[in-house]
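Take a look at the structure below.
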Amino acid sequence: MDNRPEIDRETFSLPFRIYPALQPEPSEILRVSNCKAKENDMTSQRQATANLVHNGEYSDLRFVNMMSAHHAMAVSMAEVALDKGEHDELVDFAKTMIKDQKKEIETLDKIIEDLDGPDDVATETHPHERSMLGMDSPEELARKSPFDKAFIDSQLPHHASAIEMAAVALKQSQNDDIKKLSRSIIDAQCKEIGKMIDWRHSWYGEKG
């Protein structure tokens, strides 16, 4: 039985309608993620893939380093939500997110240890890259109001970029551990996107 999350076209396309610069390449992400979306809305190349595929070449080491840094950023933002969150559901979501992302970081770190290759891969999310992805720093996020809406609007593009990177790795990598982790990341992040969009609509009466 296929338990992959089914997300309707409006749900999956929301983060890309809010942040048009984040529109992914349509065919591969839709194929591997099983998230339905408006393919005609998804045409431009995004920053995450541009960073992941360096000089036209995919690298397992680059992927795991970038995803580890990406998860660390998510943990930092979720930790702010533990203190600033206005809805119990979002606070619980942040707790689960911290636990799950830290577990995946451990898995990524183990894969990094097993990989042979250069260790000069960029792993930080720089301020200009966060801006291009529509994300706030934890400090910026903490100052915003209403906080929960700001958190959701920051996490939507963050999740979208994780899905994009994982979709590339799932297609390009020959490493079974990376393929398994990428599939898990895509499934989890699709489900969380749907949950956050439901809350955004329920709490703030809008979809974008």
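Please work out the FRET efficiency for the pair Trp203 and Glu79, using the Cβ-Cβ distance as r and a Förster radius of 22 Å; give the result to the nearest 0.05.
Here the calculated transfer efficiency is 0.55.
How much net charge surrounds Ser145 when only the other residues with a Cβ under 11 Å from the Cβ of Ser145 are counted, with Lys and Arg +1 and Asp and Glu -1?
+2
Which of the GluC sites (Glu not before Pro) found in region 54-115 are loop residues per DSSP with 16 or fewer other Cβ atoms within 10 Å of their Cβ?
Details: sites: Glu57, Glu79, Glu86, Glu89, Glu104, Glu106, Glu113; in loops: Glu86.
Listed in order of number, the matching sites are Glu86.
Please compute the net charge surrounding Val80, taking Lys and Arg as +1 and Asp and Glu as -1 over other residues with Cβ under 13 Å from its Cβ.
-3
A 28 angstrom limit on the alpha carbon distance is what I want to check against. Which of Lys110/Lys171; Lys95/Lys171; Lys95/Lys191; Lys103/Lys195; Lys84/Lys110 exceed it?
Lys95/Lys171; Lys84/Lys110
Under 15 Å from the Cβ of Lys99, count the other residues' Cβ atoms, weight Lys and Arg +1, Asp and Glu -1, and hand me the total.
Once all neighbours under 15 Å are counted, the net charge is -3.
If you rank Arg200, Arg183, Arg143 by fewest surrounding Cβ atoms within 10 Å, what's the result?
Listing Arg200, Arg183, Arg143 from fewest to most nearby Cβ atoms yields Arg143, Arg183, Arg200.
All of the numbers you see were taken from the coordinates with simple rules; none came from a lab. Predicted model only: the values in this text are computed from it and were never measured. A quick note on method: Cβ atoms are made from the backbone with ideal geometry, for glycine too, and the neighbour counts reach across all protein chains shown.
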